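Worksheet for the structure shown next.
Every number here is computed from the coordinates shown, using simple stated rules; none is lab data. All values derive from a computational prediction rather than experimental measurement. Glycine also receives a Cβ, built like all others from the backbone with ideal geometry; neighbour counts cover every protein chain displayed.
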Amino acid sequence: MSGQPSVLQVVILRDGLLVGTEVFVPGQYTLGSDPACELKLDDGSVGAKHAKLYFQNGKAAIQDLGAPTGVFVNGHRVTACEVRPVDEIAIGPFSLKTRVIQQKAAQNAPPPEVAALLGAPGEAPGQARPPPQGRAPVPSTVVSARRLAAVAQ
């Protein structure tokens, strides 16, 4: 992929209704009904350790760990296969949709005017900084909700 860090978003549906969304960094994760699983799918038809989800190099794959009810991708029972955003993984009554999200360094950094307000990394909180060029300093006044309500009337 592009070399940018990425995460795997997993959308979980049960009987067509949204149950939740999980986000995973590269690694491997156990899916099943056991509370120790990284992705717990609570249903009697789901094995304790039903499947393993792998995510690395911007790609995802699923592996059936031998559960009697199996793992299905797009309606086909699989033992292991790569999963893409268009694929639907079925485990018991659950449907899982995956999506790789690329994190761009530029998206993580605030705009320059906000970065100036936040200061340099490692700078002590509350340390006085000169205002950015061409701007008047903003007073650090705390206004109570009661005072704001009085002004609004």
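Counting neighbouring beta carbons within 10 Å and listing from fewest to most, the residues 96, 65 come out as 65, 96. For residue 75, the shell of other residues with beta-carbons less than 11 Å away shows a net charge of -1, using +1 for Lys and Arg and -1 for Asp and Glu. Think of segment 6-100 as a dipole: +1 on every Lys or Arg Cβ, -1 on every Asp or Glu Cβ, centred on the Cα centre; then among 79, 7, 31, 7 lies furthest on the positive end. For segment 6-100, the fraction of C-alpha pairs more than 17 angstrom apart is 42%.
Ranked by how many other Cβ atoms sit within 10 Å of their own Cβ, fewest first, the residues 45, 95 fall in the order 45, 95. Where both partners of a DSSP beta bridge lie in segment 6-100, what percent of those bridges are antiparallel, to the nearest 5? Around 95 percent antiparallel, to the nearest 5.
Among 12, 91, the order by Cβ neighbours within 10 angstrom, fewest to most, reads 12, 91.
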